[in-house]
1. In nm, to one decimal, how far is the modelled label at B:Ala35 from the one at A:Asp25, with both set 7 Å along Cα→Cβ?
2. Pull out the extension gain between B:Asn66 and B:Arg87, defined as 0.36 nm times the separation in residues minus the alpha carbon to alpha carbon distance; nm, one decimal.
3. Ignoring ligands, DNA and RNA and using a 1.4 Å probe, state the total buried accessible area between A and B in Å², rounded to the nearest 100.
4. As an exercise, use a Förster radius of 35 Å and the Cβ-Cβ distance of A:Arg153 and A:Ala38 to find the FRET efficiency, rounded to the nearest 0.05.
5. Leaving ligands, DNA and RNA out of it, work out the accessible area of A:Leu191 with a 1.4 Å probe and give it in Å² to the nearest 10.
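The values are calculated or read from the model by the stated rules, or taken from the named source; none is laboratory data. Source: prediction; values computed, not measured. Positions of Cβ are backbone-derived with ideal geometry, glycine not excepted, and every protein chain shown enters the neighbour counts. Calculation scope for accessible area: heavy atoms of the full protein, side chains included, ligands and nucleic acids excluded. Shrake-Rupley method; radii C 1.70, N 1.55, O 1.52, S 1.80 Å.
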Amino acid sequence: MRDAADDDPLVTRAARDLARTPAPDERAVERVLAAVRAAPAPQRRAGREGGAHFLSGTFGLSPLAGAAAAAALIALGAAIGGALQRERVVGSAVQAGRLTSVSPSDTLRAVQFLLAAPGAGAVSLVGDFNGWDVGATPMRRAPDGGMWMAEMRLPAGRHVYSFVVDGSRWLPDPLAPLAADDGFGVPSSVLVVDGAPST
Amino acid sequence: MTGARGQQLLARRPSLLTPRSSDACLSVSDASLIARVLDGEADAYSELVHRYHAPCARFAFRMLGNRQDAEDAVQEAFLRAYRALGRYHERDLFRSWLYRILANQCRSAARRRHRHEGRLDPDADPSSVPIPAEGLDTSFVEDALMQAIGGLDPHMREAFLLKHVEGLEYQEMAVVTGASVSALKMRVKRACDALRPKLEAIYDA
């Protein structure tokens, strides 16, 4: 997409001059390669996604609660699917599990974020809790392919979040209240984490 | 600037970079090289390093204004990308993914330096930039440009470099920076507006 500066000869000239690089620094490249050779070889990430792993005791989530939530969402997604036509996208932030106390003044609650987006290649959770960093919290895809999930431990209070599909498409949570426009035109959702201890 | 040295200095946008080695490698995609690394052929990563080291070094140097800091950031980025290769999704552009890691390294380096040494040199008043003589000396232009972009807010500098020097599209820049496309367009516009008077002085337009 062209903007005004694409046709600005000064910017074009400066960009061309800034794009000039000296001859490749072979010694710097060799240093990188030496560091890489010293590192352990990377492994393909084993498919640890799965209902059982995700709904494990890591954050004290009840497997039944999580499965019920997921099933409800998929059913809801099927109902909404027609209306959304091209893509069934249903999401929610499900609060569940034991309250995890890090310290008396720093109480966190486990929150599951779920998004049914079967057509997506990658989904990220972004929000005020991770600096809206698209790279910070990639969501994991369930083995059946349709559901994406991430868990966060969040302090009580109001949080604003969104989902980013395939690196560039921002989707608010269809099942959560919309946050007020923050001026960047990015749709996002509001989550209020309950500070009361669960029984 | 002519001849072999001119050829050397002529940078190419990342999309035009050809692989370092022979013609047989021209058709080897980034994704297939990564697959080979994950299958145990660790040396395939060196091809990726050769492909992307120059543009990464350029971006880091333009961001940080210091060759040593830039080299450190680039080395760390390649190392982190290597370690995290198992998390790379084939649908992503390796370039975007690598630039995201590099941009984060540059931000960390800038924060470390800011804590220890204070800000980058403030940009000179444009009216104090000397009128260049006929036949621009490359090093004068280079230094003046570095001073000009060094005076930009880091978010604006980053967006300007990614868009106009590295040649990324806005969608890819959103992946690299985590910012929205609309925010990035605003940053690029503001960067150009801030640079224009300085560029006029530099090029005597």
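1. 3.5
2. Numbers: separation 21, 0.36 × 21 = 7.56 nm, distance 3.09 nm.
Between B:Asn66 and B:Arg87, full extension yields 4.5 nm more.
3. Values: alone 12390 and 12270 Å², together 20200 Å².
Summed over both sides, the interface buries about 4500 Å².
4. Values: r = 35 Å, r/R0 = 0.99.
Approximately 0.50, to the nearest 0.05.
5. 10
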